[in-house]
Amino acid sequence: MNKGQLLDWYYQMVLIRRVEERGAELYQAGKIGGFMHLYIGQEAVSTGIVAAREPRDRLITAYRDHGVALNCGISAREVMAELLGKITGMSKGKGGSMHMASVEKNMWGGHAIVGAHLPIAAGMALGDQYAGNDNVTICMFGDGATNIGYFHEALNLSKIWNLRVLWVCENNKYGMGTAVERASAVVDIRQKAEAYAMKNGQVDGMDVVKVYQAAKETIDFVRRESQPYFLEVITYRFRGHSMGDPERYRRPEEVRQWQENDPIGIFRRYLLENKLADQKTLDEIEARVERDVQDAVEFAEASPEPPLQELYTDIFVD
Ligand SMILES: Cc1ncc(C[n+]2csc(CCOP(=O)(O)OP(=O)(O)O)c2C)c(N)n1
Ligand SMILES: [Mg+2]
């Protein structure tokens with residue numbers, strides 16, 4: 001890791017935070033329709049994971065996908081325009097918040113059905129195995145998804161077929177309003193991988209450096225050994241499940257405690273204490289994010305909606 005990379009991670013984490021804060025305002029102003037799930041609090045996870053992949057390694061995730069999209073290099077303009085349902089969004093405004101995707105950036109979505117993208121990840125890895133390359137497919141999903149049948153089928157197949165998949169479970173303690181211990185017989189979620197004789201590990205998801213190191217090691221393992229690996233990342237979402245969640249299922253003190261463990265704050269301190277950046281440099285990065293997000297909002301607001309005939313394009317492949 002060199003200094004330039006670390007400062008770029010800082011930029012990315014602050015960018016995710018600000019894009020989503022502005023997104024929440026636009027949602028409340030009625031400018032964004034449909035469901036929207038914020039990643040605020042979990043920024044270190046996707047930033048560390050995506051930083052550790054080679055560009056040829058595929059990435060696929062669930063509906064809490066704005067952060068992954070930005071980390072994969074989809075621009076703030078395209079993300080914001082997609083949120084606003086504009087033609088200039090990366091999915092031409094037809095995917096919205098839950099369906100950020102870019103084949104060019106090797107980011108395969110953005111999937112709204114809980115657990116449904118796990119068999120797709122196994123299928124992509126099978127495709128790579130068939131093609132004879134050693135690309136790794138990185139599949140991110142929530143703790144709730146591990147209670148779904150798809151999860152068990154996909155993990156089992158990945159193990160018996162020696163597929164190169166890094167399974168990344170973002171354990172943020174809740175699936176909608178249900179705490180992990182009320183939904184899952186096994187609370188230590190990594191143990192579920194044991195049922196499929198799969199190597200597994202756990203990492204602190206509030207610390208981007210730790211996430212990066214764990215991702216780097218496990219991606220190398222998957223590539224080298226041609227075996228799947230299960231990485232559980234312990235994290236927390238600071239906002240409700242989606243917009244308009246009254247949050248009756250958790251105590252405000254619990255949220256406050258985790259907020260004291262803010263991944264951006266932790267990384268800021270790390271950079272300052274290790275003399276990798278001074279206050280001024282970090283303030284300048286934050287100011288750059290502010291300008292880029294303002295530009296993205298103006299761009300998205302000024303962009304047209306998709307014309308009616310767009311309803312029928314990109315649905316089927318000829
Ligand atoms: C098959 C299916 N069942 C139910 C839902 C409704 N639903 C949307 S998100 C969610 C919770 C999933 O929690 P988790 O996997 O932990 O992800 P998180 O939201 O915490 O990131 C549920 C039940 C759905 N989208 N798909
Ligand atoms: Mg969850």
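Just one of the listed residues (E181, E170) is under 16 Å from the mean Cα position of the chain (by Cα) and farther than 20 Å from R56 by Cβ, namely E170.
Selection within segment 244-260: residues that are assigned to a loop (DSSP other than H, G, I, E, B) and touching a Gly at 6+ places or on another chain (Cβ under 9 Å). The member of this set that is most open to solvent (accessible area, probe 1.4 Å) is R248. Here the helices (runs of 4 or more DSSP H) wholly within segment 38-100 that include at least 2 residues being crowded, with 23+ Cβ neighbours inside 10 Å and within 16 Å of ligand 1 (Cβ to nearest atom) are 43-52, 66-71. If you go through segment 209-266 and pick out every residue that is within 16 Å of ligand 1 (Cβ to nearest atom) and aromatic (F, W, Y), you end up with 5. Exactly one condition in (1) crowded, with 21+ Cβ neighbours inside 10 Å; (2) among the hydrophobic types (A, V, I, L, M, F, W, C); (3) away from ligand 1 (no atom under 16 Å from the Cβ) is false for L126; which is it? Failed condition: (1). Scanning segment 154-187 for residues being within 15 Å of ligand 2 (Cβ to nearest atom) and surrounded by fewer than 15 Cβ atoms within 10 Å (Cβ to Cβ) gives a total of 7. The residues on offer are N162, N156, and the sole one that is more than 15 Å from ligand 1 (Cβ to nearest atom) and assigned to a loop (DSSP other than H, G, I, E, B) is N162. Between I87, I120, the distinction of being under 15 Å from A62 (Cβ atoms), more than 16 Å from ligand 2 (Cβ to nearest atom) and among the hydrophobic types (A, V, I, L, M, F, W, C) belongs to I120 only.
Of the residues making up segment 112-165, those that are touching a helix residue (DSSP H, G or I) at 6+ places or on another chain (Cβ under 7 Å) and among the small types (G, A, S) number 9.
Between E20, E54, the distinction of being modelled with pLDDT of 95 or more, farther than 20 Å from H111 by Cβ, more than 16 Å from ligand 2 (Cβ to nearest atom) and of a type in the set (D, E) belongs to E54 only. Among the residues of segment 130-150, those identified as in contact (Cβ under 8 Å) with a residue 40 or more places away in the chain and assigned to a helix (DSSP H, G or I) are A145, T146. Among the residues making up segment 186-223, those that are assigned to a loop (DSSP other than H, G, I, E, B) and acidic (D, E) are D188, D207.
Do we have any residue at all in segment 195-215 that's open to solvent by less than 60 Å² (accessible area, probe 1.4 Å) and more than 27 Å from L59 (Cβ to Cβ)? No, the conditions are met nowhere in segment 195-215.
The values are calculated or read from the model by the stated rules, or taken from the named source; none is laboratory data. This is a predicted model, so every value here is computed, not measured. For neighbour counting, all protein chains shown are included, and Cβ atoms are generated from backbone atoms with ideal geometry for every residue, glycine included. Just the protein is used for accessible areas: all its heavy atoms, side chains included, with ligands, DNA and RNA removed. Shrake-Rupley method; radii C 1.70, N 1.55, O 1.52, S 1.80 Å.
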